[in-house]
1. Between a residue in segment 66-77 that is polar (S, T, N, Q) and any residue that is in a loop (DSSP other than H, G, I, E, B), which pairs come within a Cβ distance under 8 Å, given they are 6 or more apart or on different chains?
2. Which residue, of 70, 8, 74, is surrounded by 13 or more Cβ atoms within 10 Å (Cβ to Cβ), of a type in the set (Val, Ile, Thr) and closer than 21 Å to residue 122 by Cα?
3. Of all residues in segment 69-89, which are of a type outside the set (S, T, N, Q) and farther than 23 Å from residue 9 by Cβ?
4. For segment 78-92, name all the residues that are touching a residue at least 24 places away in the same chain (Cβ under 8 Å) and out of contact with any helix residue (DSSP H, G or I) (no Cβ under 6 Å at 6 or more places or on another chain).
5. Among all residue pairs at least 6 apart or on different chains, which show Cβ distances below 6 Å where the first residue, located in segment 116-138, is among the hydrophobic types (A, V, I, L, M, F, W, C) and assigned to a loop (DSSP other than H, G, I, E, B) and the second is surrounded by 14 or more Cβ atoms within 10 Å (Cβ to Cβ) and modelled with pLDDT of 90 or more?
6. Within segment 95-118, is there a residue that is closer than 18 Å to residue 8 by Cβ, at pLDDT 95 or above, out of contact with any Lys or Arg (no Cβ under 7 Å at 6 or more places or on another chain) and buried (at least 20 other Cβ atoms within 10 Å of the Cβ)?
7. Quickly run through segment 47-66 and pick out the residues that are surrounded by 13 or more Cβ atoms within 10 Å (Cβ to Cβ), farther than 15 Å from residue 128 by Cβ and modelled with pLDDT under 95.
8. Would you check if there is a residue in segment 88-107 being closer than 15 Å to residue 62 by Cα, aliphatic (A, V, I, L, M), under 15 Å from the mean Cα position of the chain (by Cα) and part of a strand (DSSP E or B)?
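The values are calculated or read from the model by the stated rules, or taken from the named source; none is laboratory data. Keep in mind that this is a model prediction, so the values were computed, not measured. As a convention, Cβ positions derive from the backbone with ideal geometry for all residues, glycine included, and neighbour counts pool all protein chains shown.
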Amino acid sequence: MLRTINITSKDRERLLKLINEEREFGKGRNRECLKDLEQELNRANIVEPESIPADSITMNSKVLLKDLDTGEETTYTLVYPEDVNLAENKISVLAPIGTAILGFREGDVIDWKVPAGTVKLRVEKILYQPEAAGDYHL
């Protein structure tokens with residue numbers, strides 16, 4: 001059963017534009033990721049930025065994730081493709097892990113499919129969420 005996620009109306013609008021641009025100009029790259037992201041957007045609960053729960057992962061959120069099998073914790077910032085910086089753990093929403101975490105909340109467990117199987121990640125903490133900080137222009 002799929003869980004309902006929360007996405008802001010601004011993130012949804014910008015992500016749908018990104019999907020359309022990638023399909024038109026992306027020469028077929030990221031096809032599976034675009035499909036997955038579009039499915040997430042279609043099933044999401046859309047809310048105004050001012051009303052999004054502070055513990056939801058939105059675009060440009062910085063989150064602490066814990067691998068439930070290894071206990072390893074990693075901090076990621078979820079960004080648009082043009083802002084990716086792997087040295088700073090800024091991951092694209094078009095990366096499988098980026099699409100997987102969008103809209104989830106603190107305490108949620110995410111099943112992330114990897115070539116070797118499935119990794120279970122728990123959202124330990126939202127370290128920064130633009131909307132909670134009043135940054136609505138991002």
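1. Once the first residue is polar (S, T, N, Q) and sits in segment 66-77, its partners that are in a loop (DSSP other than H, G, I, E, B) give 74/89; 75/89; 77/60; 77/61; 77/89.
2. That would be 74, the only listed residue that is surrounded by 13 or more Cβ atoms within 10 Å (Cβ to Cβ), of a type in the set (Val, Ile, Thr) and closer than 21 Å to residue 122 by Cα.
3. Passing the criteria: 69, 71, 72, 73, 76, 84, 86, 87, 88.
4. 80, 81
5. Pairs that qualify, where the first residue is among the hydrophobic types (A, V, I, L, M, F, W, C) and assigned to a loop (DSSP other than H, G, I, E, B) and the partner is surrounded by 14 or more Cβ atoms within 10 Å (Cβ to Cβ) and modelled with pLDDT of 90 or more, are 138/60; 138/130.
6. The answer is no, given that none of the residues of segment 95-118 is closer than 18 Å to residue 8 by Cβ, at pLDDT 95 or above, out of contact with any Lys or Arg (no Cβ under 7 Å at 6 or more places or on another chain) and buried (at least 20 other Cβ atoms within 10 Å of the Cβ).
7. Residue satisfying the conditions is 47 alone.
8. yes
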